[in-house]
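*Asks:* Pasting in a structure now, in structure tokens, and then I'll have a few things to ask.
The values are calculated or read from the model by the stated rules, or taken from the named source; none is laboratory data. None of the values given here were measured: they were computed from a predicted structure. A quick note on method: Cβ atoms are made from the backbone with ideal geometry, for glycine too, and the neighbour counts reach across all protein chains shown. Surface areas here come from the heavy atoms of the whole protein model, side chains and all, with no ligands, DNA or RNA. Shrake-Rupley method; radii C 1.70, N 1.55, O 1.52, S 1.80 Å.
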Amino acid sequence: MDVALPVHIKDILNQFFIVVGLSFILAFVSPYILIAVVPLVVLFLFIQTAYLRSSRQLKRLMSVNRSPLNSHIEETLNGATTIRAFRHENQFTNENEQLIEIYQQSQYAEVMSNGWLFLRLQAIGTILTFVAAIIIVLNRQTIASGLV
């Protein structure tokens, strides 16, 4: 925690200042771009809300599915000599594979939800870039090329 927290705070502050700086530059070049920013921010907040709700549930589901897997591995390791003595290795291997499969299903859902979020955030960034480019191209006579 002592190592990871400062790194995450640095990353958050870095991204925050990049967004604020780009917003000021875009607003300085053409204030019309701010008209496009407002709906994109609203869209971002909607996507964030949807993602956080599902992400919270998926993390809970992963924890619920990880617990039996960890318990089964611990029980197997503690009783390894007994399992070998009664030749039940295949039974424990099959149970372990089933528990891993259940856990992987919930982990796959979380990976897909992260991909869903990434795709939406990239789309918002692409839309903003497109709108800024269109506005600048349409106002090419009034905006200096060096400013663009």
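*Asks:* Explain nothing, just compute: Karplus ³J(HN,Hα) = 6.51 cos²θ - 1.76 cosθ + 1.60, θ = phi - 60°, for every residue of segment 76-86 in order, whole Hz, x for Gly and Pro.
*Replies:* Going residue by residue, I get 5, 5, 5, x, 4, 5, 5, 4, 5, 5, 9 Hz, with x marking Gly and Pro.
*Asks:* A further question follows. When the chain is modelled as a GNM with alpha-carbon springs shorter than 10 Å, which of A80, A27, A132 fluctuates the most?
*Replies:* Looking only at A80, A27, A132, the largest GNM fluctuation is found for A80.
*Asks:* When the dipole is taken about the Cα centre of segment 1-142, and only Lys, Arg (+1) and Asp, Glu (-1) are charged at their Cβ, what size is it in debye, to the nearest 20?
*Replies:* Charge dipole of segment 1-142: 540 debye, to the nearest 20.
*Asks:* Take the Cβ-Cβ distance between L77 and E101 as r, set R0 to 25 Å, and report the resulting FRET efficiency rounded to the nearest 0.05.
*Replies:* 0.80
*Asks:* Measure off, as a whole percent, the carbon and sulfur share of the 1.4 Å-probe accessible area of the chain, all protein chains present.
*Replies:* Here carbon and sulfur together make up 68 percent of the probe-accessible area.
*Asks:* So what is the 222 nm mean residue ellipticity for the chain from helices alone, if each DSSP H run of at least 4 adds -39500 (n - 2.57) and you divide by all residues, rounding to the nearest 500 deg cm²/dmol?
*Replies:* Estimated from H runs of four or more residues: -31500 deg cm²/dmol.
*Asks:* Between I143 and V19, what's the calculated FRET efficiency when r is the beta-carbon distance and R0 is 25 Å? Round to 0.05.
*Replies:* 0.70
*Asks:* For the chain, what does the convex hull of the Cα positions come to per residue, in cubic angstrom?
*Replies:* That works out to 147 Å³ per residue.
*Asks:* Could you tell me which chymotrypsin sites (Phe, Trp or Tyr not before Pro) in segment 53-148 are loop residues by DSSP with no more than 12 other beta carbons within 10 angstrom of their beta carbon?
*Replies:* F86
*Asks:* Using a Gaussian network for the chain with springs between C-alpha atoms less than 10 Å apart, which of these wobbles most: I18, I100, I136?
*Replies:* So, out of I18, I100, I136, the one fluctuating most is I18.
*Asks:* In square angstrom, what is the accessible area per residue of segment 1-77 with a 1.4 angstrom probe?
*Replies:* Normalised by residue count, the accessible surface of segment 1-77 is 77 Å².
*Asks:* State the Cα centre-to-centre distance between segment 52-72 and segment 1-18 in whole Å.
*Replies:* 26 Å
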